[in-house]
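Taking it in order: structure first as structure tokens, then the write-up.
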Amino acid sequence: MPILEVENLSVTFRQYASGLKERNIRAISNLSVTLEQGEVLAVVGASGSGKSLLAHAILGILPANAETAGSIKYCGETLTAKRTQSLRGREIALVPQSVGYLDPLMRVGNQVRTAVRNGKPAEEQRKVFKRYKLKSVVEKLFPFELSGGMARRVLLSTAMVSGAKVIIADEPTPGLDPEALNEALLNLRELGDQGCAVMLITHDIDSALRIADKIAVFYAGTTVEIAPAKDFTGDGEHLRHPYSKALWGALPQNGFTPIPGSQPHSAALPPGCLFASRCEKATKECHQAQPDLRELRNGKVRCIHAT
Amino acid sequence: MQLDAKNIGFRYGKSPWLFKGINFSMQPGEVVGLKGPSGTGKTTLCRILAGYEKPLEGKVTLGGKALPEIGYHPVQMVFQHPEKAVNPRWKMGKTLKEGGRPDDDLLARLGIQQEWLERLPNELSGGELQRFCVARALGPGTRFLIADEMTTMLDAITQAQIWHAVLHLAEKRKMGILVVSHDAKLMNRLCDRVIEL
């Protein structure tokens, strides 16, 4: 049984457009993804594709003007607002994306200690700082005194000491130098091997591939493909969705080839396939209705032309 | 015109020297990478080159002359987080004009759509915003561009789109680029040489 199961999740924001006129923005639509114990799932996609919102929806920390539909299950049971509140920080931990999530008025060592569930807080905090090569003076610093990479490591430390079973790491790697990056990735993989379930949200496919078992590719708020990590190889011939192929081909070590256009805005989503306007294979049918996510070659794809 | 940094030293307040005795120079049209572990002062060095900070020791010169204190700064910097580099209450069209009248060909190459000019920053994604920041920094007076983790937060397709546009312009105008990144593969793809801080 999957430890975390997201089914047909939609997240809509109600916004004021001008004056008292309201509009709805559909940031996530029909998103489905599952997370198994002992597994590292990487979620990749452009910014604005709903990656962080998914994390926030799972943890129940979406802003008040958000409405969700669909279901999120933890260990087979639907997550209600109350249940989420009792689980987060204990069973489900978040490594937040922005350094702004640290308390600006609290020394970072103390912040990490408040997250410790097993063992002596000070000891656990020093152990994890040592592992991330944060010098002992760092525990006495305030967030504004940290460099970007140091703050990132403090955020990771907080989740590492929590003893949670599900770790959701939201872009934990930007700004880390290769050594710190390596340590962070190893640590996430270890957690997976110890039986935790790890969701690594990132746009860095290269890092994701080093530790992930499965990769979920997001585009404009939905899952376009879920593939075993080993399919990301060569010219991307094993990938299923045209967007995944384009993403793979745009990496600096591959073709560095851009495709034109940009992701549709969540206030103006097309009725059909969300990628159709940029897709070479698009036909009339693609513009009519959003394709369903279907099984294909040991993975899933949301494209009628994929083979 | 060559960009030179001679014996640059900097520290914040009374904290230990972040760096001292930094020397390097860049030729027009050259793409140079800058790498180093986090916290070694890469961003600070960029800020000094682009005139946001004054070095405590040494000097930065362009074609042998000190950088101008007023008027258009010939060394322009693009930051890692575009959402922090634009006025949240201005429509994007106004933000774009901060750097002078934008070049239509560049806007097209960067994939900036006309209707985005009427939007506020919170109605655009990070990738879309960064295109504006790049366009704003590439006024006709820019001789050197400092790209401090310019595409780190972006997906691979957007990263490739932006770099293709920037490299095309750099070649046309013989503009130099300093690329700060932790991504060795990106550096390999872009840079003529890489220096370490």
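Along the axis of the charge dipole computed for the range A:102-181 (Cβ charges of +1 for Lys and Arg, -1 for Asp and Glu, origin at the Cα centre), the listed residues A:118, A:134, A:156 are led at the positive end by A:118. Charged neighbours of residue A:38, selected by a Cβ distance under 10 Å, balance to -4 (K, R count +1; D, E count -1). As a length-normalised measure over Cα pairs under 8 Å and 6 or more apart, the relative contact order of the range B:3-196 settles at 30 percent.
Between residue A:131 and residue B:7, the modelled label-to-label distance comes to 4.7 nm, taking each label 7 Å out from Cα in the direction of the beta carbon.
Would you work out what percent of the accessible area of chain A, with all protein chains in place, is carbon or sulfur (probe 1.4 Å)? So the carbon and sulfur contribution to the accessible surface is 51 percent.
Within the same chain, aspartates and glutamates fewer than 8 places from residue A:245 are excluded, and of the rest, those with a Cα less than 17 Å from its Cα are A:204, A:206, A:225, A:231, A:235, A:237, A:280, B:155. Treating the angle as unsigned and between 0 and 90°, give the value, to the nearest 10°, between the Cα long axis of helix B:156-173 and the longest Cα principal axis of chain B. The angle comes out near 70 degrees. Calculate, in whole percent, how much of the Cα-Cα pair population of the range A:54-122 lies beyond 19 Å. Value for the range A:54-122 (Cα pairs over 19 Å): 46 percent. Here the range A:137-155 is scanned for amide nitrogen atoms under 17 Å from the site 7 Å beyond the Cα of residue B:197 along Cα-to-Cβ, giving A:145-152. Near residue B:19, the amide H atoms lying under 5 Å from its own belong to B:10; only residues 5 or more places off or on other chains count, and H is placed 1.01 Å from N.
Which FRET efficiency value, to the nearest 0.05, is calculated for residue A:62 and residue B:65 with the Förster distance at 60 angstrom and r the Cβ-Cβ distance? Don't skip to the end; give the middle numbers.
On the way: r = 54 Å, r/R0 = 0.90.
For residue A:62 and residue B:65, the calculated efficiency is 0.65.
Projecting the Cα positions of A:169, A:299, B:18 onto the charge dipole of the protein assembly as shown (unit charges on Cβ atoms of Lys, Arg, Asp and Glu, taken about the Cα centre) puts B:18 furthest along the positive direction. Principal axis analysis of the Cα atoms in the range A:262-307 yields extents of 33, 20, 18 Å, listed in decreasing size. For the range B:19-67, the share of accessible area belonging to carbon and sulfur comes to 49 percent (1.4 Å probe, ligands and nucleic acids excluded). Comparing the range B:3-196 with the 2.2 N^0.38 Å rule of thumb, its C-alpha radius of gyration ratio is 1.01 (two decimals).
Burial here means at least 20 square angstrom less accessible surface with every protein chain in place than with the chain by itself, probed at 1.4 Å; in the range A:232-260 the buried residues are A:247, A:250, A:252, A:253, A:256, A:258, A:259.
Over the Cα atoms of the range A:15-158, what is the Rg over Rh ratio if Rh follows Kirkwood? Intermediate results must be reported in sequence, preceding the final value.
On the way: Rg = 18.1 Å, Rh = 17.7 Å.
Rounded to two decimals, Rg/Rh equals 1.02.
In order along the range B:45-54, the Karplus-derived 3J(HN,Hα) couplings, from 6.51 cos²θ - 1.76 cosθ + 1.60 at θ = phi - 60°, round to 4, 4, 5, 5, 4, 8, x, 7, 10, 9 Hz, and Gly and Pro are given as x. When only alpha carbons are used to place a centre, the range B:13-28 and the range B:59-113 end up 24 Å from one another. Separation of the range A:58-118 and the range A:236-304 by C-alpha centroid, Å? Distance between centres, Cα-based: 31 Å. Here the range B:30-124 yields Rg over Rh of 1.01, to two decimals, using C-alpha coordinates and the Kirkwood radius. Residue A:153 sits among other residues whose Cβ lies under 10 Å from its own Cβ, and their net charge, with Lys and Arg +1 and Asp and Glu -1, is +2.
Over the protein assembly as shown, average the accessible area per residue using a 1.4 Å probe and give it in Å², no decimals. Before the final figure, lay out the partial values.
Details: 22720 Å² over 504 residues.
Per-residue accessible area for the protein assembly as shown comes out at 45 Å².
Overall shape of chain A was characterised from the C-alpha gyration tensor. The equivalent ellipsoid obtained from it has semi-axes of 33, 22, 19 Å, in decreasing order. Our note on the geometry: Cα centres of the range A:126-202 and the range A:209-226, 22 Å apart. Taken over the alpha carbons of the range A:149-303 as equal point scatterers, the Debye sum produces base-10 log I(q)/I(0) values at 0.10, 0.11, 0.18 Å⁻¹ of -0.43, -0.51, -1.15. Compute the angle between helix B:126-137 and the longest alpha-carbon principal axis of chain B, please, reported from 0 to 90 degrees and rounded to the nearest 10. Tilt relative to chain B: about 70 degrees. Partner lysines whose Cα lies under 30 Å from the Cα of residue A:21, excluding those fewer than 8 positions away in the same chain, are identified as A:51, B:84, B:91, B:94, B:97. Going by alpha carbons, how many degrees (0 to 90, nearest 10) lie between the helix axis of A:121-131 and the longest principal axis of chain A? Approximately 60 degrees, to the nearest ten. Annotation for the B:A interface, with buried accessible surface near 2400 Å², both sides summed [1.4 Å probe; non-protein components not counted].
The values are calculated or read from the model by the stated rules, or taken from the named source; none is laboratory data. Predicted model, so just to flag it, every value in this text is computed and none were measured. Here the Cβ is made from the backbone with ideal geometry for all residues, glycine too, and neighbour counts use every protein chain on show. The protein model used for the area step is the full one, side chains on, heavy atoms only, and it has no ligands, DNA or RNA in it. Shrake-Rupley method; radii C 1.70, N 1.55, O 1.52, S 1.80 Å.
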